[in-house]
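Accompanying notes for the structure given below.
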Amino acid sequence: RTRYIQTELGFHERLFVAVLTSKATLNTLAVAVNKTVAHHFPRLLYFTGLRSAKVPHGMVLVAHGDERPIWLMYETVHYIHQHFGSDYDWFYIMQDDTYAQAEQVRALVTHLSINQDVYLGRAEEFIGGDEQARYCHGGFGYLISRSLLLKLHPHLDSCRNEILSVRPDEWLGRCIIDFLGITCVSQLQGQHYHTYELAKNTEPEKEEEEEFQAALAVHPVSDMTLMYRLHKHFSRIQLDRAYQEIQDLQMQIRNLTSLTPAGEAGLTWPVGINAPFLPKSRFEVISWDYFTEQHLFSCPDGSPKCELSGASKADVSEIIESALEQLNSRYQPLLRFSKRQLLNGYRRFDPTRGMEYTLDLLLEAVTQKGHSHVLAKRVSLVRPLSKVEIIPMPYVTEATRVQLVLPLTVQDLDFVANFLDMFAMNTLDTHDNALLTLLFIYHPYDAQRVSQVDVFAGVKAMVGELEKRYTEVKIPWISVKTEVPSQVKLMDIVSKKHPVDTLFFLASVWTEINMEFLNRCRMNTISNWQVFFPVHFQEFNPALVYRGEQTASSSTDFLRDGHFDRHSFAEACFYNSDYMTARTKLAADILDRDEVLESMEVFDVFLHYSGLHIFRAVEPGLVQKYALRSCNPRLSEELYHRCVLSNLEGLASRSHLAMALFEQEQANST
């Protein structure tokens with residue numbers, strides 16, 4: 001399976017970074033390292049002898065309990081081998097008074113072969129030792145390959161007992177040379193490990209030496225401020241290089257475009273960015289959203305106008321500022337522009353290239369002689385999609401047991417038999433790890449007559465037949481008496497009767513259970529992290545779609561005559577512990593006003609009272625046959641309106657409805 005390819009094929013992560021710090025510098029230099037370069041490395045740990053009473057936020061610290069430098073180095077190398085030796089190809093060890101260009105170090109290891117024993121850094125001579133032997137200076141950091149670490153580990157105890165040294169980097173270098181015969185090198189396989197030694201009172205902004213500009217590591221860094229200044233300086237250098245590379249690539253693209261079949265007409269703007277998406281039909285046209293500096297005219301809740309705030313306001317402000325900056329850089333010193341007003345703003349998200357903007361700006365242009373003129377100018381901008389990042393997610397498996405919960409009312413009785421048949425065929429026959437609990441919702445009138453006439457007697461008989469056929473299966477049911485079947489109130493009852501680690505799938509009677517969806521329910525629901533609300537596929541009314549013709553086969557026309565019902569939130573996958581946590585917060589908010597629960601669904605509970613990710617996505621494995629839902633008018637106005645919309649939009653497509661009206665008018669006219 002793709003999810004486990006890396007583990008099964010034995011792939012390793014690229015780079016592990018260890019930072020040697022101390023109790024005295026943990027809250028100063030180590031924090032500076034963490035704020036400047038830590039987020040550029042895939043994995044970084046801090047190693048110290050004695051830890052402070054409080055570890056700075058966001059730092060993973062390993063304390064060995066002894067401040068002796070040699071002991072710290074020995075324990076660090078041993079710890080790295082024991083915990084990460086089989087997971088990473090390269091190990092970079094640095095001190096907290098070292099500034100390392102993270103991107104350059106990462107680029108370096110991508111150009112080195114992992115099959116060699118590598119000990120790479122700033123090579124230094126041993127004092128009074130062999131002229132040929134070198135150790136890597138710890139102040140400038142050094143790189144060790146996985147193969148070297150594996151060969152070195154068996155000799156660490158011997159090195160600790162036999163080699164005497166004051167400096168930990170010398171001790172490690174002597175250990176590698178004596179037992180493996182490998183010396184430190186500053187260049188390997190055509191790659192150079194450039195370093196720079198800082199003098200006292202150095203001003204990074206004024207350093208123009210080529211050696212300094214090309215350095216991967218700089219040492220010694222005396223304080224936090226100097227670390228931040230170095231980071232700012234090297235970040236500016238990296239940014240200038242990136243802009244220059246972009247300009248060079250754009251020039252090459254312009255030169256080569258004339259040689260293509262399309263010629264210069266095939267040159268897209270901006271140069272090097274994907275061309276805009278070309279819709280094949282009117283249904284694929286990406287609409288533009290209109291905005292001003294105060295308001296947005298395409299709101300998430302569907303309202304025609306809402307206040308521009310939060311991330312959207314910051315986005316608009318940044319785009320206007322960027323537009324002015326680009327105009328001034330192009331026309332200065334002849335003209336200098338300043339914004340008076342944003343007349344019109346349009347934006348749309350193009351999935352092939354990024355966010356596109358069109359701005360109509362009212363500008364004041366000032367000439368070199370001081371003359372000013374007001375003009376309107378239209379500018380276009382693109383915020384291109386940048387590097388895709390993989391968001392780490394907690395580990396889940398497909399072996400988790402799913403507890404299906406099926407609420408049933410009197411109006412659902414005609415559909416129960418089909419639900420139970422599909423459940424038996426797709427879960428019980430296949431021995432899927434899934435259980436079912438039925439929730440019988442009695443109207444108070446039916447509840448009083450249950451001893452004479454039980455409206456759910458037929459369902460209970462069907463359950464009994466299933467339990468006889470599958471002797472190892474038990475299908476419990478819970479009876480509830482209520483006039484208003486609030487989803488939250490019903491879930492409260494079910495939640496109390498199951499363990500906290502239960503994975504619930506809240507189903508509807510029209511749901512056709514299958515193994516494919518149950519596996520996605522397991523994988524998309526993560527305890528204390530994410531809940532899953534699938535959007536089921538609703539088939540249209542066959543009487544309107546086919547009008548007496550033969551129904552299309554499900555195998556060849558899968559997901560054709562229907563739509564994904566975005567108004568329905570009846571199906572949900574979540575853990576009982578997550579529901580109980582969110583429900584506790586809801587109870588504290590509403591106090592004893594239980595009538596509020598009648599206007600809420602489980603989706604609202606998670607949306608407003610949990611910090612979990614809510615995964616809402618179309619689910620092709622969850623197909624429902626057409627049925628006219630019964631909308632309870634005693635529910636809240638929003639829930640009732642949503643149910644009515646679901647029924648109306650589930651009748652047929654516009655073309656089918658138009659054809660039905662046309663045929664009806666034709667029939668009436670004749």
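The values are calculated or read from the model by the stated rules, or taken from the named source; none is laboratory data. Only a predicted model underlies this, so the values are computations on that prediction, with no experimental measurement involved. All Cβ positions, even for glycine, are placed from backbone atoms using ideal geometry, and neighbour counts span all protein chains on display. Heads up: the accessible areas ignore ligands, DNA and RNA and are worked out on the full protein's heavy atoms, side chains in. Shrake-Rupley method; radii C 1.70, N 1.55, O 1.52, S 1.80 Å.
Exactly one residue out of 16, 84, 41 is modelled with pLDDT under 90 and among the hydrophobic types (A, V, I, L, M, F, W, C), and it is 41. When you check residue 143 against the structure, is it assigned to a strand (DSSP E or B), among the hydrophobic types (A, V, I, L, M, F, W, C) and in contact (Cβ under 8 Å) with a residue 40 or more places away in the chain, yes or no? Spelling it out, residue 143 is indeed assigned to a strand (DSSP E or B), among the hydrophobic types (A, V, I, L, M, F, W, C) and in contact (Cβ under 8 Å) with a residue 40 or more places away in the chain. Taking every residue in region 260-276 that is in contact (Cβ under 8 Å) with a residue 24 or more places away in the chain and within 11 Å of residue 384 (Cα to Cα) and pairing it with any residue that is β-branched (Val, Ile, Thr) and not in a loop (DSSP other than H, G, I, E, B), at least 6 positions away or on another chain, the pairs with Cβ-Cβ distances below 6 Å are 270/382; 272/253. Scanning region 64-121 for residues that are in contact with a Phe, Trp or Tyr (Cβ under 6 Å, 6 or more places away or on another chain) and among the aromatic types (Phe, Trp, Tyr) yields 84, 88, 91.
Annotation for region 631-651: at least one member residue is open to solvent by 90 Å² or more (accessible area, probe 1.4 Å), touching a Phe, Trp or Tyr at 6+ places or on another chain (Cβ under 7 Å) and either among the polar types (S, T, N, Q) or more than 21 Å from residue 573 (Cα to Cα) (or both). Of the residues making up region 300-321, those that are surrounded by 15 or more Cβ atoms within 10 Å (Cβ to Cβ) and touching a Lys or Arg at 6+ places or on another chain (Cβ under 9 Å) number 4.
Residues are listed down the side, and each one gets a yes or a no for (1) within 21 Å of residue 380 (Cβ to Cβ); (2) among the hydrophobic types (A, V, I, L, M, F, W, C):
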residue	(1), (2)
250	yes, no
256	no, yes
259	no, yes
265	yes, yes
268	yes, no
271	yes, yes
276	yes, no
279	yes, no
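In region 541-573, which residues are modelled with pLDDT of 60 or more and among the polar types (S, T, N, Q)? Across region 541-573, the qualifying residues are 541, 568. Restricted to region 1-116, the set of strands (runs of 3 or more DSSP E) holding at least 1 residues that are of a type in the set (S, T, N, Q) comprises 44-48, 88-95.
Among the candidates 62, 33, single out the residue that is at pLDDT 90 or above, under 31 Å from the mean Cα position of the chain (by Cα) and crowded, with 17+ Cβ neighbours inside 10 Å. Walk me through it before giving the result.
Working: 62 fails: crowded, with 17+ Cβ neighbours inside 10 Å.
When all the criteria are applied, what remains is 33.
Among the residues making up region 224-236, those that are open to solvent by 30 Å² or more (accessible area, probe 1.4 Å) and under 30 Å from the mean Cα position of the chain (by Cα) are 228, 231, 232, 235, 236.
Is it the case that some residue within region 386-398 is open to solvent by less than 30 Å² (accessible area, probe 1.4 Å) and touching an Asp or Glu at 6+ places or on another chain (Cβ under 9 Å)? Please lay out each step first, then the result.
Restricting attention to region 386-398, the residues satisfying the condition of being open to solvent by less than 30 Å² (accessible area, probe 1.4 Å) are 396.
Narrowing the set further to residues that are touching an Asp or Glu at 6+ places or on another chain (Cβ under 9 Å) leaves none.
No, every residue in region 386-398 fails to be open to solvent by less than 30 Å² (accessible area, probe 1.4 Å) and touching an Asp or Glu at 6+ places or on another chain (Cβ under 9 Å).
A Cβ distance below 6 Å, combined with a sequence gap of six or more or placement on separate chains, defines the contacts here; from region 354-373, residues that are over 20 Å from residue 286 (Cβ atoms) reach residues that are open to solvent by less than 30 Å² (accessible area, probe 1.4 Å) and of a type in the set (Gly, Ala, Ser) in the pairs 373/365.
The condition of being among the aromatic types (Phe, Trp, Tyr) and open to solvent by 10 Å² or more (accessible area, probe 1.4 Å) holds for only one of 92, 119, 88, 142, that being 88.
Note on region 339-354: residues that are open to solvent by 50 Å² or more (accessible area, probe 1.4 Å) and at pLDDT 90 or above amount to 6.
Only one entry in 512, 467, 483 is free of Cβ contacts under 8 Å to residues at least 40 places away in the same chain and either surrounded by 12 or more Cβ atoms within 10 Å (Cβ to Cβ) or closer than 22 Å to residue 601 by Cβ (or both), namely 467. Of all the numbered requirements in (1) in a loop (DSSP other than H, G, I, E, B); (2) more than 37 Å from the chain's Cα centre (by Cα), residue 352 misses one, and that requirement is (2). The residues of region 257-274 that are open to solvent by less than 50 Å² (accessible area, probe 1.4 Å) and part of a loop (DSSP other than H, G, I, E, B), listed by number, are 268, 270, 271, 273.
If you go through region 560-594 and keep only what is more than 18 Å from residue 638 (Cβ to Cβ), open to solvent by less than 20 Å² (accessible area, probe 1.4 Å) and among the hydrophobic types (A, V, I, L, M, F, W, C), you end up with 573, 574, 582. Return yes or no: is residue 123 within 32 Å of the chain's Cα centre (by Cα), hydrophobic (A, V, I, L, M, F, W, C) and at pLDDT 90 or above? For residue 123, the condition - within 32 Å of the chain's Cα centre (by Cα), hydrophobic (A, V, I, L, M, F, W, C) and at pLDDT 90 or above - is not met.
Counted as qualifying within region 555-670 are the strands (runs of 3 or more DSSP E) with 1 or more residues that are among the β-branched types (Val, Ile, Thr), namely 613-624.
In region 419-433, what residues are in contact (Cβ under 8 Å) with a residue 24 or more places away in the chain, open to solvent by 10 Å² or more (accessible area, probe 1.4 Å) and either in contact with a Ser or Thr (Cβ under 7 Å, 6 or more places away or on another chain) or more than 16 Å from residue 398 (Cβ to Cβ) (or both)?
Keep residues of region 419-433 that are in contact (Cβ under 8 Å) with a residue 24 or more places away in the chain, which gives 419-420, 422-424, 426-428, 430, 432-433.
The next check asks that each one be open to solvent by 10 Å² or more (accessible area, probe 1.4 Å); those that pass are 422, 426, 428, 430, 432-433.
Matches in region 419-433: 422, 428.
What about residue 209, is it open to solvent by 50 Å² or more (accessible area, probe 1.4 Å), closer than 30 Å to residue 317 by Cβ and assigned by the TED database to the domain that holds residue 141? Against the criterion (open to solvent by 50 Å² or more (accessible area, probe 1.4 Å), closer than 30 Å to residue 317 by Cβ and assigned by the TED database to the domain that holds residue 141), residue 209 does not qualify.
Suppose the filter is more than 24 Å from residue 418 (Cβ to Cβ), open to solvent by 50 Å² or more (accessible area, probe 1.4 Å) and charged (D, E, K, R); does residue 616 pass it? Write out each step before concluding.
Working: more than 24 Å from residue 418 (Cβ to Cβ): yes; open to solvent by 50 Å² or more (accessible area, probe 1.4 Å): yes; charged (D, E, K, R): yes.
So residue 616 fits the description; yes.
Quick one: in region 595-613, of everything that is over 23 Å from the mean Cα position of the chain (by Cα) and either under 26 Å from residue 510 (Cβ atoms) or touching a residue at least 60 places away in the same chain (Cβ under 8 Å) (or both), which residue is surrounded by the fewest Cβ atoms within 10 Å (Cβ to Cβ)? In this case the residue turns out to be 599.
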